[in-house]
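Participant: Here it is: the structure, laid out below.
The values are calculated or read from the model by the stated rules, or taken from the named source; none is laboratory data. Everything numeric here is computed off the predicted structure, so don't read it as measured data. Here the Cβ positions follow ideal geometry from the backbone for every residue, glycine too, while neighbour counts run over all protein chains shown.
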Amino acid sequence: MIAVVDYKKGNLKSVERGLVAAGADARITDNPDVIGAAHGIVLPGVGAFADTASTMESLGQMEVVRERVLAGVPFLGICLGMHLMFEEGTETHPGDTSGGAHRGLGILPGVVDAMPRVGEDGRNYKIPHVGWNSIEPVRGSDFNCELLAGVKPGEYFYFTHSYAAPATEATVAIASHSIAIPSVVRYRDVAFGVQFHPEKSSDAGTCVLRNFVRIVKEA
């Protein structure tokens, strides 16, 4: 069973449907006990970092997700879910005047921050970054990552975001917009984050979800 974490933001049904189509028993749940008993965990990507982290803490989800990932339970963070894998994020919800960075799961090091509107090439870029973008391996000629098995370098996925994760040793693939965007990250070969939305990315996204379901079953 794969738990789709419900932190009370947005429509999670498309993620659940995508996982079911990929062969999973997927269940949307806000219950920490159900999340803790799941064979795999998916953290979807809707909302702002600070608001979502606060809600997850209040619901008892943050600690159980962290504990299970560190224990080796397969995990997939999608968009904001990937951002929450990092130590901190600067994104706040409307009306938040607290400023500064907010604590995430802390599985990966670094701070998630806003994407610049002017790139290193001096061009102006639209932020949020919305639409189809290709991803490329950060090392070598292929991805060398189980989550991306069957995905060719240059494949296109659907993105929609204004913030980006920091570049770390965990980065597997990047996309290019105003900066090089870490698009797939990996922790210990069982925990993954994707900046794009696989549930909205046609056949390539279905391939990624099938790979994750296979990783869960093999674990």
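Participant: What is the number of the single condition among (1) free of Cβ contacts under 8 Å to residues at least 40 places away in the same chain; (2) over 16 Å from residue 208 (Cβ atoms) that residue 173 does not meet?
Facilitator: (2)
Participant: Among the residues of the range 70-102, how many are assigned to a loop (DSSP other than H, G, I, E, B) and either of a type in the set (S, T, N, Q) or at pLDDT 90 or above (or both)?
Facilitator: As a first pass, look at the range 70-102 and keep what is assigned to a loop (DSSP other than H, G, I, E, B): 71-74, 79, 84-85, 90-101.
Add one more test, that the residue is either of a type in the set (S, T, N, Q) or at pLDDT 90 or above (or both), and what stays is 71-74, 79, 84-85, 90, 92, 97-98.
Final tally of qualifying residues: 11.
Participant: Here's another thing I want to ask about it. Condition test on residue 118, is it of a type in the set (A, V, I, L, M, F, W, C), within 21 Å of residue 203 (Cα to Cα), surrounded by fewer than 15 Cβ atoms within 10 Å (Cβ to Cβ) and in contact with a strand residue (DSSP E or B) (Cβ under 9 Å, 6 or more places away or on another chain)?
Facilitator: On the way: of a type in the set (A, V, I, L, M, F, W, C): yes; within 21 Å of residue 203 (Cα to Cα): no; surrounded by fewer than 15 Cβ atoms within 10 Å (Cβ to Cβ): yes; in contact with a strand residue (DSSP E or B) (Cβ under 9 Å, 6 or more places away or on another chain): yes.
For residue 118, the condition - of a type in the set (A, V, I, L, M, F, W, C), within 21 Å of residue 203 (Cα to Cα), surrounded by fewer than 15 Cβ atoms within 10 Å (Cβ to Cβ) and in contact with a strand residue (DSSP E or B) (Cβ under 9 Å, 6 or more places away or on another chain) - is not met.
Listed here are the residues, each with its yes/no results for (1) in a helix (DSSP H, G or I); (2) in contact with a Leu (Cβ under 8 Å, 6 or more places away or on another chain).
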site	(1), (2)
3	no, no
7	no, yes
17	yes, no
23	no, no
34	yes, no
42	no, yes
51	yes, no
57	yes, no
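Participant: Working only within the range 160-177, note down all residues that are closer than 20 Å to residue 104 by Cβ and either in contact with a strand residue (DSSP E or B) (Cβ under 7 Å, 6 or more places away or on another chain) or buried (at least 17 other Cβ atoms within 10 Å of the Cβ) (or both). Lay out the reasoning, then the answer.
Facilitator: We begin by selecting, within the range 160-177, every residue closer than 20 Å to residue 104 by Cβ; these are 160-172.
Within the range 160-177, 160, 161, 162, 163, 164, 165, 166, 167, 168, 170, 171, 172 qualify.
Participant: Does any residue in the range 148-169 that is in contact (Cβ under 8 Å) with a residue 24 or more places away in the chain and under 11 Å from residue 181 (Cβ atoms) come within less than 6 Å, Cβ to Cβ, of a residue that is of a type in the set (D, E, K, R) and surrounded by 14 or more Cβ atoms within 10 Å (Cβ to Cβ) six or more places away or on a different chain, and which pairs are these?
Facilitator: Hits for this filter: 163/91.
Participant: Here's another thing I want to ask about it. Can we say residue 142 is acidic (Asp, Glu) and on the phi > 0 side of the Ramachandran plot?
Facilitator: Details: acidic (Asp, Glu): yes; on the phi > 0 side of the Ramachandran plot: no.
For residue 142, the condition - acidic (Asp, Glu) and on the phi > 0 side of the Ramachandran plot - is not met.
Participant: Then there is this: Based on what the data block shows, is residue 197 buried (at least 16 other Cβ atoms within 10 Å of the Cβ), under 28 Å from residue 119 (Cα atoms), in contact (Cβ under 8 Å) with a residue 60 or more places away in the chain and more than 13 Å from the chain's Cα centre (by Cα)?
Facilitator: Details: buried (at least 16 other Cβ atoms within 10 Å of the Cβ): yes; under 28 Å from residue 119 (Cα atoms): yes; in contact (Cβ under 8 Å) with a residue 60 or more places away in the chain: yes; more than 13 Å from the chain's Cα centre (by Cα): no.
Spelling it out, it is not the case that residue 197 is buried (at least 16 other Cβ atoms within 10 Å of the Cβ), under 28 Å from residue 119 (Cα atoms), in contact (Cβ under 8 Å) with a residue 60 or more places away in the chain and more than 13 Å from the chain's Cα centre (by Cα).
Participant: Consider only pairs whose beta carbons are under 8 Å apart and that are at least six residues apart or on different chains; among these, list those whose first residue lies in the range 1-14 and is modelled with pLDDT under 90 and surrounded by 15 or more Cβ atoms within 10 Å (Cβ to Cβ) and whose second residue is assigned to a helix (DSSP H, G or I) and not aromatic (Phe, Trp, Tyr).
Facilitator: So the pair list comes out as 9/51; 9/52; 9/55.
Participant: If you go through the range 178-194 one residue at a time, how many are surrounded by fewer than 20 Cβ atoms within 10 Å (Cβ to Cβ) and closer than 20 Å to residue 131 by Cα?
Facilitator: Qualifying residue count for the region: 3.
Participant: Failed condition for residue 67, given (1) assigned to a helix (DSSP H, G or I); (2) surrounded by 15 or more Cβ atoms within 10 Å (Cβ to Cβ), with all others met?
Facilitator: For residue 67, the exception is condition (2).
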